[in-house]
Amino acid sequence: MNLQKATFASGCFWCTEAIYQTVNGVHSVKSGYTGGELENPTYMEICNGDTGHAEAIELEYDADVISYEELLLIFFKTHNPTTLNRQGNDVGTQYRSAIFYHNDEQKQKAEAMIKQLTDEQVFDKPIVTHIVPADTFYTAEDYHQNYFVDNTSKPYCAFVIQPKLNKFAKDFTDKIKPELLQ
């Protein structure tokens, strides 16, 4: 096993966590906060957007099963990387699109992916995703972890997360954990 770490921010971490939990080769996903100034921030503190943190996920993946480039493609295809500090109805710097790289190779691959998607004109507007060094990752409160699985009947899960998971499953069937396809 070749475990590596990746950190992404793409709006609400509940959505991003739910998607990456289904990806074959991803071993763990934590929702949390990164990229800000305040130590040990709470959800209530980052909600106003004044701490500089982004809602993010940190995942461990087996690079022998799924590549960082594949994780990046999932990242770009499952949120809107062309809206600054916004995803859907969520507005503020805490919902920014960002890749927090853990080494120079991840930085280069993220830059190359943005160039490729831009050259191929995949999006009708410029990509505004920040590519920044990974900072301290603060794991969010327990009730944010495994949110979709634990709360599927809540309206946000049914009307926001489930449609994203359905689109992901349609677009990336070959990347879903085999046990979830049965």
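Every number in this text was worked out from the coordinates using simple rules, so none of it is lab data. Computed from a predicted model, the values in this text were never measured in an experiment. Neighbour counts run over all protein chains shown; Cβ positions are idealised from the backbone, glycine included.
Every residue in region 163-176 that is under 20 Å from F13 (Cβ atoms) and either part of a loop (DSSP other than H, G, I, E, B) or free of Cβ contacts under 8 Å to residues at least 12 places away in the same chain (or both), please.
P163, N166, F172
Going through region 161-177 one residue at a time, which ones are β-branched (V, I, T) and buried (at least 18 other Cβ atoms within 10 Å of the Cβ)?
We begin by selecting, within region 161-177, every residue β-branched (V, I, T); these are 161, 173, 176.
Passing the criteria: only I161.
Go through region 133-142 residue by residue and tally those that are surrounded by fewer than 17 Cβ atoms within 10 Å (Cβ to Cβ), touching a residue at least 12 places away in the same chain (Cβ under 8 Å) and not in a loop (DSSP other than H, G, I, E, B).
Within region 133-142, residues that are surrounded by fewer than 17 Cβ atoms within 10 Å (Cβ to Cβ), touching a residue at least 12 places away in the same chain (Cβ under 8 Å) and not in a loop (DSSP other than H, G, I, E, B) number 2.
Is it the case that some residue within region 86-93 is more than 16 Å from A112 (Cβ to Cβ), touching a residue at least 24 places away in the same chain (Cβ under 8 Å), in a helix (DSSP H, G or I) and within 11 Å of the chain's Cα centre (by Cα)?
no
Does region 31-46 contain at least one residue that is closer than 28 Å to F123 by Cα and polar (S, T, N, Q)?
There is at least one residue in region 31-46 that is closer than 28 Å to F123 by Cα and polar (S, T, N, Q).
Here are I57, I66, I74: which of them is among the hydrophobic types (A, V, I, L, M, F, W, C), under 15 Å from the mean Cα position of the chain (by Cα) and not in a strand (DSSP E or B)?
On the way: I57 fails: not in a strand (DSSP E or B); I66 fails: under 15 Å from the mean Cα position of the chain (by Cα).
From the options I57, I66, I74, the qualifying one is I74.
Out of all the residues in region 29-45, is one or more touching a helix residue (DSSP H, G or I) at 6+ places or on another chain (Cβ under 7 Å), among the β-branched types (V, I, T) and either surrounded by fewer than 19 Cβ atoms within 10 Å (Cβ to Cβ) or free of Cβ contacts under 8 Å to residues at least 60 places away in the same chain (or both)?
Checked against the condition, which is being touching a helix residue (DSSP H, G or I) at 6+ places or on another chain (Cβ under 7 Å), among the β-branched types (V, I, T) and either surrounded by fewer than 19 Cβ atoms within 10 Å (Cβ to Cβ) or free of Cβ contacts under 8 Å to residues at least 60 places away in the same chain (or both), region 29-45 yields at least one hit.
Could you say whether any residue in region 44-54 is touching a Ser or Thr at 6+ places or on another chain (Cβ under 9 Å), part of a strand (DSSP E or B) and more than 19 Å from P163 (Cβ to Cβ)?
yes
Among the numbered criteria (1) β-branched (V, I, T); (2) within 22 Å of N166 (Cα to Cα); (3) in a loop (DSSP other than H, G, I, E, B), which single criterion is violated by V29?
Of (1) β-branched (V, I, T); (2) within 22 Å of N166 (Cα to Cα); (3) in a loop (DSSP other than H, G, I, E, B), only one is false for V29: (3).
Can you find, within region 11-33, the residue that is nearest to the chain's Cα centre (by Cα) among those that are closer than 20 Å to S97 by Cα and of a type in the set (S, T, N, Q)?
Residue satisfying both the conditions and the ranking: T16.
Return the residues of region 143-162 that are among the aromatic types (F, W, Y) and touching a residue at least 24 places away in the same chain (Cβ under 8 Å); say none if nothing qualifies.
Going residue by residue through region 143-162, those that are among the aromatic types (F, W, Y) are 143, 147-148, 156, 159.
Matches in region 143-162: Y147, F148, Y156.
Of everything in region 94-106, what is farther than 29 Å from C47 by Cβ and either more than 18 Å from the chain's Cα centre (by Cα) or touching a residue at least 24 places away in the same chain (Cβ under 8 Å) (or both)? Give them in sequence order.
Passing the criteria: D104, E105.
If you take the residues in region 84-128 that are touching a helix residue (DSSP H, G or I) at 6+ places or on another chain (Cβ under 6 Å) and β-branched (V, I, T), which one is surrounded by the most Cβ atoms within 10 Å (Cβ to Cβ)?
Top of the filtered list is I99.
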